[in-house]
Amino acid sequence: MIFSIIPFVWQTNAVILLTAGALYIFSLLHGFKILIVNSFLKVFFMFSAFIMIISFFGEFRALETGVALLLILSIVKMFELNNIRDYYLFLVINLLMVVAQLLTVYSLSVLVYAFAYCVFLYLFINYIKSENDKKEIKAQRNKALREIFYWSIPVSVIFFLVFPRLLIGNIFFNTVKQKNKTGFANELNPGSLSKVINDPTPVFRASFLSEKKVTVPLMYWRGGVLESTDGFNWRPGPISRITMRRKKRSKAKIKYRIDFENFQSSTLFLLKNTFQVDMLSRGYLKRGVADNFEVRVLSNQKIKYQGVVSNGEALKLSSKKRKRLTQIPQRIKDSQFYQWATSLKENKINEVIGRYQEYLGENKFTYTLSPGLMNRDSPLDDFFFNKRTGLCEHFASSLAMLLRIKKIPTRIVVGFHGGIYNNLSDYFIIRNEDAHAWLEYWEDAKGWSRVDPTSFVAPDRLSFGAFTFNQLEELGEGEDMEAFFKRQNSSIVQKIRFAIDMIYYRLNNSFINYDFDSQKDFFQKFKFFQKNMRGKLIFLLIAFIVAVSFALTYFVKNTSSKVNRAHAIYQKLCRKLSKKYGLTVKPARNPNIVFNNLLKHDKFSFDTVKLWEEFALNYNDILFNTRRDKNKDKDKLKRLKLILKALN
């Protein structure tokens with residue numbers, strides 16, 4: 001039971017887990033006869049858990065409700081595991097629970113785990129069933145199951161390729177909320193990124209589809225756009241009109257594809273001047289607060305989309321928005337930072353940014369992954385005049401406030417920068433450690449321009465990416481930095497990681513992400529399917545199902561008559577043995593079990609034992625042998641009749 005819930009613990013409600021854990025402990029105590037639980041308590045446990053689950057989720061048809069009920073039911077069943085049928089029912093409940101939870105998960109690794117779990121269940125059931133069987137019977141059953149498995153592989157492949165992909169959404173209401181810990185948040189609280197900046201968990205993968213690509217230093221994946229601030233922390237502003245648009249007659253410059261690692265609704269991460277987004281997964285696409293996009297998924301699909309970068313042109317910035325983008329909170333006007341900013345003679349954008357960079361160099365500011373907390377009352381002053389060390393978010397926030405004080409419209413952008421390049425399959429892996437913040441300022445002639453103050457204190461962070469930059473502690477004394485980075489990225493361990501990630505990524509795209517569009521691309525390679533593909537696929541699928549149905553009908557009809565005749569002979573033999581020896585003989589599926597029970601009475605000669613063993617071998621061969629041979633089956637039936645006469 002534990003193995004059926006392990007991969008899904010993270011999405012199971014804590015209250016349900018605690019209740020299930022308490023019942024599980026009671027079932028173990030009952031199993032070891034430390035605590036006896038009577039039928040009344042079992043019913044009470046089940047009824048109480050049922051009421052709690054329904055009241056907690058408030059929806060009987062919700063998928064999470066069904067999973068919780070199956071979990072409780074499987075634990076209650078543990079109180080009465082008395083015979084083989086109880087074990088069978090217990091295993092079936094657990095299998096249903098795994099299948100139900102698979103509807104809420106979109107991961108290849110979990111599918112592999114579920115397959116391994118099903119194999120384990122099969123081996124366990126086979127062990128229970130064949131515990132009393134002889135070697136011949138076990139061999140026959142295993143042979144039949146192997147042949148069924150071999151035939152199931154090509155049939156499954158055909159159904160996988162041909163069965164039409166229809167968008168019907170979830171059959172059940174999915175109330176499972178999957179929260180992913182990522183380095184992206186649609187807000188900025190300087191210091192918060194230090195919690196995830198060392199987390200190597202992948203967030204998405206990016207591949208470039210055009211000949212022209214973006215290098216790592218310029219690879220800014222824009223997510224949230226933040227316009228409102230209290231002087232140090234930043235939040236999204238109100239929804240407003242777009243400020244940039246695609247330039248007329250502008251051709252696509254760069255085309256790229258994004259594949260999310262986890263199932264989630266999210267802000268899309270885009271390169272600058274991405275004015276066209278084509279969703280490759282099902283979902284509602286809408287514009288966000290500023291010049292960005294958001295998507296809400298329709299079903300359990302990982303987000304995937306294509307973006308197209310074009311030349312952009314600036315629209316007019318309204319006076320209302322200009323006022324909001326130059327807003328300065330009162331706490332900043334009373335700060336030491338405000339006095340310093342207003343004392344600067346520079347007012348032009350480039351001059352102000354240059355003076356800021358000079359100040360950082362003169363006062364030896366440093367970039368650190370663990371900046372600590374700033375003074376709550378005046379965090380900006382504490383960072384800028386006292387600690388003088390911080391992450392990207394500290395530098396972005398301080399420069400943004402400086403530009404606003406100089407009446408320059410400014411906003412913060414949060415997202416990711418760079419990524420690890422997998423040269424085995426030509427794509428980038430963007431991880432939590434790539435989380436980043438920078439700022440954009442407005443010029444009426446150009447529109448929004450990016451400036452990243454992290455480059456003033458840690459240029460290598462932007463040149464080589466977060467993963468490589470974070471390995472600087474291993475840099476040898478006097479060793480060339482560029483040579484060190486090349487050596488790290490070409491190590492055997494790194495190549496193995498890239499190979500594993502490439503296999504995982506490709507299998508996800510070709511197997512789990514195999515939708516109607518992928519199906520269409522596959523079959524359009526053949527001339528026969530280039531016109532009316534869906535109709536031809538449905539026709540072939542129906543023809544295939546009809547052919548399989550006829551084959552199964554022929555197989556069952558060809559074998560059932562012989563099986564029925566063999567079973568009739570077996571029943572006659574059991575009745576004759578009952579009369580002859582005065583024993584109660586009830587026909588079972590396996591004659592060996594019946595005969596082993598009869599041997600306890602010690603009334604049979606050596607010749608009778610041999611005849612019975614021969615009878616059991618022929619009988620089981622007719623029942624379990626999948627490769628039918630009419631002549632051999634006739635001979636076996638004749639032999640069964642002769643043995644029946646001989647045992648009279």
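The values are calculated or read from the model by the stated rules, or taken from the named source; none is laboratory data. All values derive from a computational prediction rather than experimental measurement. Here Cβ is always computed from backbone atoms with ideal geometry, including for glycine, and neighbour counts include all displayed protein chains. For accessibility, only protein heavy atoms count, side chains too; no ligands or nucleic acids. Shrake-Rupley method; radii C 1.70, N 1.55, O 1.52, S 1.80 Å.
I'd like the residue in the stretch 123-135 that is open to solvent by 90 Å² or more (accessible area, probe 1.4 Å) and part of a helix (DSSP H, G or I) and, out of all such residues, is modelled with the highest pLDDT.
So the residue we want is Leu123.
Name every residue in the stretch 407-454 that is surrounded by fewer than 18 Cβ atoms within 10 Å (Cβ to Cβ) and farther than 28 Å from Leu209 by Cα, in order of residue number.
The answer is Lys407, Glu443, Asp444, Ala445.
Among helices (runs of 4 or more DSSP H) lying entirely in the stretch 362-468, which contain 3 or more residues that are within 17 Å of Ser194 (Cα to Cα) and in contact with a Gly (Cβ under 9 Å, 6 or more places away or on another chain)?
Helices (runs of 4 or more DSSP H) meeting the threshold: 392-405.
May I ask you to list pairs of residues, at least six apart or on different chains, whose Cβ atoms are under 7 Å apart, with the first in the stretch 609-638 being on the phi < 0 side of the Ramachandran plot and the second being hydroxyl-bearing (Ser, Thr, Tyr) and modelled with pLDDT under 75?
Listed pairs, sorted by first residue: Arg628/Thr559.
Looking at Arg245, Arg249, Arg287, can you tell me which residue is in contact with a Leu (Cβ under 7 Å, 6 or more places away or on another chain) and modelled with pLDDT under 85?
Arg245
Quick one: His417 ticks every box in (1) farther than 30 Å from Glu443 by Cα; (2) under 35 Å from the mean Cα position of the chain (by Cα) except a single one, so which number is it?
(1)
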